[in-house]
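Student: My questions all concern the structure below.
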Amino acid sequence: MVVPRPRVPRLPACVAPFALSAAVAISIGFPAVAQADSTGGTRYVPPSDSGGASAGVTIVPIDQRPIAALLAVAPHRVRAGKLPVVRFRVRQRGVSDVVVRVRVYRAANRTHARRLKLDLSLGLVAIGHTRTVAWPRGTGLPAGRYVVSLHASDPTGRTLARRPPRIGQATL
């Protein structure tokens, strides 16, 4: 059985272009006719100085690299076979934690270059908290001069910013 198609009323050829343009204007939200006291168009609102942040939100700049806020080594002279107490604090705005490593080098002199003696990975360390290094059992240093160096990297891989005078390093 054949179902007849319903008849669609057709507009005369002279009315069709007007009806089409009216339908397009309505669908795109064609602006209404301007009032007599209006200058027309839309009002320009310049961007704020804060870069478009919401009202009441404080924008904190992110530090480019982690910074050693504290590196304390005590005592400055230790007995052979012993290790110093090393405390450190790392800061970096916009980051919650960093990967930290403490290295102890034999200090360079006229006959020997600087040599790595201990390398201790501390893993993820929270920003802004002072930590004391827990040395592994049975670890010691022979008599001599040493440099304790703090290494840190943030989640994007940026390393510790070192500024004079040798922040992030201390001598024994």
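The values are calculated or read from the model by the stated rules, or taken from the named source; none is laboratory data. Since the structure is predicted, the reported quantities are computational estimates derived from the model, not experimental observations. Counting neighbours? That spans all protein chains shown, and the Cβs are built from the backbone with ideal geometry, glycine included.
Student: Regarding the range 114-121, can at least one residue be identified that is at negative phi, surrounded by fewer than 17 Cβ atoms within 10 Å (Cβ to Cβ), polar (S, T, N, Q) and within 25 Å of the chain's Cα centre (by Cα)?
Tutor: There is at least one residue in the range 114-121 that is at negative phi, surrounded by fewer than 17 Cβ atoms within 10 Å (Cβ to Cβ), polar (S, T, N, Q) and within 25 Å of the chain's Cα centre (by Cα).
Student: I'm checking my understanding of the structure. Among residues of the range 38-71 that are at pLDDT 70 or above and surrounded by fewer than 14 Cβ atoms within 10 Å (Cβ to Cβ), which one is farthest from ILE127 (Cα to Cα)?
Tutor: Looking at residues that are at pLDDT 70 or above and surrounded by fewer than 14 Cβ atoms within 10 Å (Cβ to Cβ), I get GLN64.
Student: Next question, about the same structure. Among what's in the range 73-97 and is of a type outside the set (Val, Ile, Thr) and in a strand (DSSP E or B), pick the residue that is farthest from THR159 (Cα to Cα). First the steps, then the outcome.
Tutor: We begin by selecting, within the range 73-97, every residue of a type outside the set (Val, Ile, Thr); these are 74-77, 79-84, 87-89, 91-94, 96-97.
Next, from what is left, pick out any that are in a strand (DSSP E or B): 74, 87-89, 91, 97.
Values: ALA74: 25, ARG87: 19, PHE88: 16, ARG89: 15, ARG91: 12, ASP97: 13 Å.
Among those that are of a type outside the set (Val, Ile, Thr) and in a strand (DSSP E or B), it is ALA74.
Student: Of all residues in the range 119-136, how many are without any contact (Cβ under 8 Å) to a residue 24 or more places away in the chain and of a type in the set (A, V, I, L, M)? Lay out the reasoning, then the answer.
Tutor: Taking the range 119-136 as the starting set, the residues that turn out to be without any contact (Cβ under 8 Å) to a residue 24 or more places away in the chain are 119-122, 134, 136.
From what's left, of a type in the set (A, V, I, L, M): 120, 122, 134.
Qualifying residue count for the region: 3.
Student: How many residues are out of contact with any Ser or Thr (no Cβ under 8 Å at 6 or more places or on another chain), of a type outside the set (Lys, Arg), closer than 19 Å to ILE167 by Cα and surrounded by fewer than 17 Cβ atoms within 10 Å (Cβ to Cβ) if we restrict to the range 73-96?
Tutor: The number of residues fulfilling the criteria is 2.
Residues are listed down the side, and each one gets a yes or a no for (1) free of Cβ contacts under 8 Å to residues at least 24 places away in the same chain; (2) in contact with a helix residue (DSSP H, G or I) (Cβ under 7 Å, 6 or more places away or on another chain); (3) outside any strand (DSSP E or B):
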| position | (1), (2), (3) |
| --- | --- |
| VAL100 | no, no, no |
| ARG103 | no, no, no |
| ASN109 | no, no, yes |
| HIS112 | yes, no, yes |
| GLY138 | yes, no, yes |
| PRO142 | no, no, yes |
| VAL148 | no, no, no |
| PRO155 | no, no, yes |
